[in-house]
1. Tell me, what is the percent relative contact order of the chain, built from C-alpha pairs under 8 Å that lie six or more residues apart?
2. So how do 205-216, 27-38, 254-265 stack up, highest first, on mean other-Cβ count within 10 Å?
3. Quick one: putting +1 on the C-beta of Lys and Arg, -1 on the C-beta of Asp and Glu, what dipole do you get for the chain around its Cα centre, in Debye to the nearest 20?
4. Stretch Ala256-Tyr99 to full length: gain in nm at 0.36 nm per residue minus the Cα-Cα span?
5. Multiplying the sequence separation of Ser272 and Ile46 by 0.36 nm and subtracting their Cα-Cα distance, what value in nm do you get?
6. Assuming R0 = 30 Å, can you tell me the calculated FRET efficiency for the pair Leu31 and Gln188, based on Cβ-Cβ distance, to the nearest 0.05?
7. Name the long-range amide H neighbours of Ala245: under 5 Å, sequence gap of 5 or more, or other chain; modelled H, no Pro or chain starts.
8. Quickly work out the Arg204-to-Ala117 label distance, labels modelled 7 Å from Cα along the C-beta direction, and quote it in nm with one decimal.
Amino acid sequence: MTTARPLIKAKSRVADQIFSGSTRLAGVIILVALAAVGIFLVIESIPALTGNPAEFSGAPTSFWAYVAPLVFGTLWAAFLALVIAFPISIGIALFISHYAPRRMAAGLGYVIDLLAAVPSVVFGLWGIKVLAPGIVPFYDWLATNAGWLPFFVGPASGTGRTVLTVAIVLAVMIIPIITALSREIFFQAPVLHEEAALALGATRWEMIQIAVLPFARPGIISAAMLGLGRALGETMVVAMVLSPAVVINFVLIGSANPNTIAGNIALTFPESHGVAVNALIATGLVLFVITLVINSVARFVVNRRKAFSGANS
């Protein structure tokens, strides 16, 4: 009969206890802050949810009729930005990690990191002063030659301040975020798997398809969701570039463009009072829930695909 040997416990040090306690405290602070924000939004939203909508929106129906175009505009602009930014970001990250010479890759990495730190107001100024006027001829061309598509029905906006312009600026803003995270994930792909694929006769692109992309898929999804979260909550670019209207409209180049929740709050909050302030806070609660749901879905997808095999060398 064998007896189980007692477990050997590591010696407890003061530094270990301080570090463990500080990490627990940091985690608790995050949860408390998130809960406090949620409780504040719910309490301040109650007057708008139960009051007369005519007091804050002039809408004859309800708060949901007021917020529906804003929700559509928020999701539509963020979706367009992600569609534009995602393939470009993955291409740049793959070029840096697997194609570019080492010096060029280092330089591009520094540029990407610097772009991620540029304030959003700078992108907004570029969008309204440079991009919007310069893209008007292209919108006219789309209205003339691609007007049979519902997204490009004319007449085109004469100012260029459309939801597509906003989406392009948002895409430029989130490209550095998605690129930087994807680049680091691609660098962590198992080198042994890459070398094995090349040794079996795969081209570099086939090696990336076989060994890199499957390994990096959870991280790519996380990077895309972080970029989408930035686009969903962006305020200054939307407030500066977009010419908004209270509509639900899929046309990308027209003058009637749906506003976003963040942009509407930024534009109308200074002049609001009474229940109108509560209505804006309620729209912020809706944006809070949308962001939470999207990130939860992304986390679920990542957890289903986070199996790791192999080791980097």
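1. Values: 392 pairs, mean separation 87.4, N = 313.
Taking the mean separation of contacting Cα pairs over the length of the chain, I get 28 percent.
2. Values: 205-216: 18.2, 27-38: 10.7, 254-265: 23.8.
Ranked by mean Cβ neighbours within 10 Å, highest first: 254-265, 205-216, 27-38.
3. Numbers: 17 positive and 11 negative charges, 246 e Å.
Dipole of the chain, to the nearest 20 debye: 1180 debye.
4. Details: separation 157, 0.36 × 157 = 56.52 nm, distance 4.32 nm.
Working it through step by step, the gained length comes to 52.2 nm.
5. Values: separation 226, 0.36 × 226 = 81.36 nm, distance 1.67 nm.
Value of the extension gain: 79.7 nm.
6. Details: r = 29 Å, r/R0 = 0.96.
Calculated transfer efficiency: 0.55.
7. Correct list: Asn257, Asn259.
8. Taking the simple label geometry, Ala117 and Arg204 are separated by 3.0 nm.
Here, each number is a calculation from the coordinates, and none is a lab measurement. The shown structure was predicted, so the numbers you read here are calculated from the model rather than taken from an experiment. For neighbour counting, all protein chains shown are included, and Cβ atoms are generated from backbone atoms with ideal geometry for every residue, glycine included.
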